[in-house]
Structures are given as structure tokens and as C-alpha cells.
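Structure first, then comments.
Every read-out reported here was derived from the displayed coordinates using simple, explicitly stated rules and does not represent laboratory data. Predicted model, so just to flag it, every value in this text is computed and none were measured. Positions of Cβ are backbone-derived with ideal geometry, glycine not excepted, and every protein chain shown enters the neighbour counts.
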Amino acid sequence: YEDSELQSQYCNETYDLSQSIYSERDDLGQLYSNPNVPVKGYRFRFEEQGGGLIVNYTNLGETPYITLASVPGLEYGTTYDVSVSHKVRMRANGSIFEFWSQYGTPCPITIQADVPTTQLQSQFCPSTTDLYLEDQIQAVPVPGADQYRFTFDGPGGPFVETSSNYAMFLYNVGPFGGPGLQYGSVGYNVTVEVQVNGAWSAPGASCLIAMASEPENTEVQGSYCGGSFDYPDPNFILAEYVYGATGYEWEWTPTSGQTGGIQTTTTNGISLAFHTTDLDLSGGGSWDVRVRALADGQNGSFSTVCVINITAAGPIAPPSEDGDVKLTSNEVSSISLYPNPNTGTEFILELDEQRDGTAPLQIAIYDITGSLVFTEQISVKGAANIMVRPDQKLKTGLYLVRVWDGDVETTLRMMVE
């Protein structure tokens, strides 16, 4: 075999992990002049000078180079002796054989001393548009990085969040359940640090992002618009979910000659239940319905009108003392959920209060679009821990778990990671 080694111009140089180094190449005549001895592969060995890490890395196919970020374990501020082996294909007696050569003469290379810094990408430095909590910001990727740490300095902060990649959704900033980033045209100075093989960089340049003046617009989900509902039967309609919203205000305008004027009500979550609402819909008829999100005292704007038709089925049924929709992030509930966050395969509902078991417990899980993804009915008597296992593993994201215990409805937020 001919001796394989790095091309000489790559030896005794300093690199960052985004760069590549090249072996001597057979396709350039640097190994074999005989075309009957084809080279079919290259592999590289990295040996840390002074002892320590030894990595053998084999390229797929016939690629004669390697990008340093693809080699596991390389560290900044370290020198490695790099040697190369190549695979030769031979034919003999009608058969094909492949053999690896010995590693050739080593060549030293050095990885630069400091982990390179990074910052937000140019479209976020400063942000070219106002941002909402459902938006994502991105840092400039660093080859070989396994963690990115974002620091947000501004109202309510500083907030520090870590991501396994260079992107960060703004709804993930702040403690679970809030408060986090604030609306109101406020700005946050964002810096990013990056980790490569356990070593963190210094913070990069600070970039200013601007939050929108108010929460994102919402509306009644389209599947309910134009529908007819009996009142005060236990029916409900849903609004589109808005990240960071702590409440939803509903505006009902009569359009078919009912007595009375515009009515409004506020719910903690995206559902408005007709059997527990304080709206007086006993006149029936058609209504123009709009909804807006509330987030940390900041009101959104009413937007799209949705027509809802109400059939008055009887007298107004006053809600029981416990008939209001509850959210465990804002109010005390006799039902709790854990672990939260969870993996989306199973979780436990803990009932703290004694039940007589006369009515089954209804459980429903909705994703952030308001779509029903799982439901079941369970008979429970007394205090209990209920294991809930959805039919399929839930995808990463935020869910609403609604539990009906007779006429008492509890809504809990659940995060799947």
C-alpha cells in the first residue's frame, strides 16, 4: 500500500470545527498511478497529543475529506495528530476483495483555543417585525455545538433559557405557567452562549428584539361558526389558542331582534360552556361572536366575527357553586396532574376530594389548535389517582386537559416534552 496522510497544506494549522481537512486523493493521482488499484474509501484517526482522546472516523463512500464538527469529542484548545488510512478494491480470480491500508504518517492540527461566540441571526438583530410568544428566534449555528443558552434582559427578566439547538420559541421563555416575556411594545436585549463538548463560549453580541403591542388576534374556531346550539344545555365553543394568554374575553352581539344589547364574559381558557356561562342567551336567535386574548393585563383586539345560533331550550340554569371553569395555574382545584411536563405517553390525575361515584368522570385532551386528541370516561369513587394513557403518544407541545365531574369542569394545562 501507498502511505496515506493529510495533504501537507493542512498540517500544523489551527482550525475551528466548521472547517474541513483533506487526505491525499487518489482521484488526483496522489496515491496510485495504476487505475487498476482503485481507492474506495478513507478513514481518519485523531490522537490527542499528550494522551487522551483517540477517535477513528470512517467516511461514507469515497469522500477524501472530513469536516471537524463531525468528529465526536474534539475539544477547543487541543492539538491532535491526524493520520489517514484508505481502502483499496482488488480483483483476483473473478472475485472482489477490499482491504484497508495501515494508518500513515501523522500530521498535527490544532483546534482554536476558545469556543467561537454566536449571536442572533441578522433578521433578529434587531428584530425586523414585532414578535409574538408563538414566534421563534434563531442564533447563528456553531458547528459541533450541543447547547445554546439564550439570555433575555428586559421587563420581568432577566430570563435564561437553554436549547439543544440554535432556535428558541418565545413561549418557552420564563417559568412554566408564566410570567414570561411581556407584550406592550417592550424590548429585550438577547445574548447567546454556545456549548461545545462541555465548554461554554462567552456571550456574543447583544441583539434587541421587540415584542408586539398586544397579544395575537384570536377568533372562534371555524368549525363552530354557523352552528346551532341549545341553551343552557352543556354545549361549548372554542377559541383559537393564543400562547401566553391568561384569559379570553367573549363579545356577543344580538342580530335577530333579541331584547338587550351586547354582552361580554371572560373565561380562563379557550372554551365557553353554555351551561355555566354568565351570559344571558335565553332570547335565542343569532349572535355575532368575537373573542380576544388577555395576557398579563394586556388586552388583545377583537377581530373576526363568528355567527352562532342559539336555541333556548329552557330556563337559565344557574351554575353550581363549583360550576366555573378552573385553571390550576390560576385557581385551586381538587384535581391535579403530574408529572407536568411529561413525555406524552401517560400521566396521573390526582383527585383530592372524596367522590360518591354516582357519575363517571369525563376526561378530554385538546391540542393547542383546540382539536380533540383523546377522550375517555372513568368510574371513580372516593379520592383516587387515575392513570391516563392516550391512544397514541402525544407530540411535543402544550395541551389542555378538561375534566368533567358532574357539572364541575376543571381545565389543566399540560406540557409534553
Practice task
Could you give the size of the charge dipole of segment 8-111 about its Cα centre, using +1 on the Cβ of each K and R and -1 on the Cβ of each D and E, expressed in debye and rounded to the nearest 20?
Solution key: 500 debye
Handout entry: Per-pair calculated FRET efficiency, R0 = 25 Å: E417 and R389 via Cβ, rounded to 0.05
Key = 0.90
Completion exercise
Here the FRET efficiency for S336 versus V307, based on Cβ atoms and R0 = 22 Å and rounded to 0.05, is 0.05
Exercise for the section: For segment 83-143, list log₁₀ I(q)/I(0) at each q in 0.18, 0.25, 0.27 Å⁻¹, using the Debye formula over Cα point scatterers of equal strength and ignoring solvent, two decimals each. Expected result: -0.82, -1.04, -1.10
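How long are the semi-axes of the ellipsoid equivalent to segment 222-312, from square roots of 5 times the Cα gyration tensor eigenvalues, in whole Å, largest first?
Semi-axes (√(5λ), whole Å): 22, 13, 12.
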Exercise for the section: Give, rounded to the nearest 20 debye, the magnitude of the charge dipole that the chain has about its Cα centre when Lys and Arg contribute +1 at Cβ and Asp and Glu contribute -1 at Cβ. Expected result: 1100 debye
Practice task
Determine, from the Cβ-Cβ distance of T128 and S371 and an R0 of 35 Å, the FRET efficiency 1/(1 + (r/R0)^6), rounded to the nearest 0.05.
Solution key: 0.65
Practice task
Take every Cα-Cα pair in the chain and report what % of them are more than 32 Å apart.
Solution key: 57 percent
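Beta carbons within 10 angstrom, averaged per residue: use that to sort the peptides 274-283, 139-148, highest first.
For the peptides 274-283, 139-148, the packing ranking is 139-148, 274-283.
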Handout entry: Set of aspartates and glutamates with alpha-carbon distance to K40 below 19 Å, sequence-local pairs under 8 removed
Key = E2, D3, E5, E24, D26, D27, E62, E98
Handout entry: Distance in nm between pseudo-label sites at D233 and T14 (7 Å out along the Cβ direction from Cα)
Key = 7.7 nm
Exercise for the section: Provide the net charge surrounding E24, with neighbours chosen by a C-beta distance below 10 Å and charges set as Lys +1, Arg +1, Asp -1, Glu -1. Expected result: -3
Problem - Among T267, Y366, V84 the positive-end extreme of the charge dipole of the chain (Cβ point charges) - result: V84
Handout entry: Excluding exposed DSSP-loop trypsin sites (Lys or Arg not before Pro) (at most 13 other C-beta within 10 Å), longest clean stretch of the chain
Key = 1-380
Completion exercise
Here the gain from full extension of L208 to L398, 0.36 nm per residue of separation minus their alpha-carbon distance, amounts to 65.7 nm
Handout entry: Contact order relative to length of the chain, as percent, for alpha carbon pairs under 8 angstrom and 6 or more apart
Key = 10 percent
Exercise for the section: Run the quick spin-label model on L60 and T79: label points 7 Å from Cα toward the beta carbon, then report their separation in nm to one decimal. Expected result: 3.5 nm
Handout entry: Kirkwood-based shape ratio for segment 173-213, expressed as Rg/Rh from alpha carbons
Key = 1.11
Handout entry: Length added when fully stretched, Q362-Q136, from 0.36 nm per residue minus Cα-Cα
Key = 77.8 nm
Fill in the blank from the handout: Share (percent) of C-alpha pair distances in segment 136-210 greater than 19 Å works out to 31 percent
Practice task
Take the Cα gyration tensor of segment 27-176, multiply each eigenvalue by 5, square-root it, and list the three semi-axes largest first, rounded to whole angstrom.
Solution key: 46, 19, 13
